[in-house]
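Chemist: Sharing a structure, written as structure tokens. Questions coming.
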Amino acid sequence: MLGYCAGVRRAIDIALREAAAHQKVYTAGPLIHNPVVLETLKMRGVEVLEEDADTQSAAVQDAVVVIRAHGVTPQAEARLKERGFRITDASCPKVKKSQTLAKELSQAGVRVFLAGEKRHAEIIGIQGYAPDSIVVENVRDALETALLLLAEDPATKIAVIAQTTLAEEDYAAISDALQTVFPRITIYNTICSATRTRQNALRSLCEKADAIIIAGGRNSANTRRLAAVAEAACSAGGGAGAAPGKPVALVENAREIPEAFLRGTYATIGISAGASTPDEIVDEIERLLLWRRR
Ligand code: SF4
């Protein structure tokens, strides 16, 4: 399971399609956390919109803004429209589903917990649809916040939604913690199947390989999470079948592959990649490993 996920690929395709049809195409935030791909997109007419872009300038007139796979808050979307941009929504349909769910629950008076990273664009976007939702990043966070809420309003109805790229075991731990405080909580499994499949494939790869490379940007949440999944599966006590002490390297490109991986120290090296890692980077890593091990 390598290369872009369906949501990221779709957003890139939409942006390129818009670029072929319009003078100027911007994206609300980077479409992908990879400088090389962003540069290629720029050459094809797709640029990241700067917050302070002068909307009166000729370059910005008649421009289209593509909303990336992570989505944005409805407030941010409204601001873009006020600035005169035309909007093309390339939010991933799975993220859109979480946004709608959060909105409906919030409007029905349910207090929504969002399990994920407070500063991640997807969580910020969903929170915009349920402004009274509470973001929890870990079990401690979940317990502390839930206990405070219980003291404030013991009768409150509670639900929890996960960031689509959260690891299943992290979500299970967070929702279990919330359930100890609110036994009647409704738990929605909004983890993306692409994420789940990729993480499960990585776990079985960790059983077979002697070392693991995770390819992707350090600023990509799902790449970091894959590295954490690999660390857990490859370390002693990392679960059934995990061999102790297998090294895991997170690399943004082939130049970052540690020397030990290139020297042939490990007979089998497994490679996995984040949902926003271009195929070219994975190919480049594979080529270098094969070349150095000839
Ligand atoms: S990881 Fe899943 S939810 Fe997130 S953008 Fe990709 S397909 Fe959509």
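Chemist: Rounded to the nearest 0.05, what FRET efficiency do Ala172 and Asp210 have when you use their Cβ-Cβ distance and R0 = 45 Å?
Modeler: The formula returns an efficiency of 0.95 here.
Chemist: Now for a different question. Express in nm, to one decimal, how much length is gained between Lys118 and Arg79 on full extension, taking 0.36 nm for each residue of separation and deducting their alpha carbon distance.
Modeler: Contour length minus Cα-Cα distance gives 11.9 nm.
Chemist: Give the calculated FRET efficiency between Arg86 and Arg9 to the nearest 0.05, with a Förster radius of 22 Å applied to their Cβ-Cβ distance.
Modeler: According to the calculation, E is roughly 0.45.
Chemist: Out of Val229, Pro74, Ala63, whose Cα points farthest toward the positive end of the dipole of the chain (charges: +1 Lys, Arg; -1 Asp, Glu; placed on Cβ)?
Modeler: Checked the options; the winner is Val229.
Chemist: Please give the calculated 222 nm ellipticity per residue for the chain, where each DSSP H segment of at least 4 residues contributes -39500 (n - 2.57) and the sum is spread over every residue; nearest 500 deg cm²/dmol?
Modeler: Taking each H run of at least 4 residues, the total per residue is -14000 deg cm²/dmol.
Chemist: Fully extended, how many nm does the chain gain between Thr186 and Glu144 (0.36 nm per residue separation, minus their Cα-Cα distance)?
Modeler: 13.3 nm
Chemist: Answer with one residue from Tyr188, Ser272, Ala209: the one whose Cα lies farthest towards the positive end of the charge dipole of the stretch 177-294, charges on Cβ with Lys, Arg +1 and Asp, Glu -1.
Modeler: Going by the Cα projections, it comes out as Tyr188.
Chemist: Using 0.36 nm per residue, how much length does the chain from Ser193 to Val48 gain when fully extended, once their Cα-Cα distance is taken away?
Modeler: 49.4 nm
Chemist: Also: Quick check: the distance between the Cα centres of the stretch 61-103 and the stretch 251-294, to the nearest angstrom?
Modeler: Going from one Cα centre to the other spans 36 Å.
Chemist: Something else: May I have the pair-distance distribution P(r) for the stretch 175-232, computed from all Cα-Cα distances with 5 Å bins from 0 and rounded to whole percent?
Modeler: For the stretch 175-232, the binned pair fractions read 4, 16, 20, 17, 15, 13, 9, 5, 1 percent.
Chemist: Two decimals is fine: what's Rg over Rh for the chain, C-alpha atoms, Kirkwood radius as Rh?
Modeler: With Rg and the Kirkwood Rh in hand, the quotient comes to 1.02.
Chemist: Continuing with this model, one more query. Kindly provide the pair-distance distribution of the stretch 194-292 built from C-alpha pairs, with 10 Å bins from 0 and whole-percent values in order of increasing distance.
Modeler: Distribution as computed: 17, 52, 29, 2 percent.
Chemist: Under a point-charge model restricted to the Cβ atoms of Lys and Arg (+1) and Asp and Glu (-1), what is the dipole moment magnitude of the chain relative to its Cα centre, in debye to the nearest 20?
Modeler: Using Cβ point charges on Lys, Arg, Asp and Glu, the chain gives about 680 debye.
Chemist: Let me ask something else about it. Averaged per residue, what accessible surface does the chain expose to a 1.4 Å probe, in Å²?
Modeler: The answer is 49 Å² per residue.
Chemist: Give me the one-decimal nm value for the distance between modelled label points at Lys157 and Glu39, 7 Å along each residue's Cα-to-Cβ direction.
Modeler: 5.3
The values are calculated or read from the model by the stated rules, or taken from the named source; none is laboratory data. Since the model is a prediction, treat every value here as computed from it, not as a measurement. As a convention, Cβ positions derive from the backbone with ideal geometry for all residues, glycine included, and neighbour counts pool all protein chains shown. Surface accessibility is based on the protein's heavy atoms, side chains included, excluding ligands, DNA and RNA. Shrake-Rupley method; radii C 1.70, N 1.55, O 1.52, S 1.80 Å.
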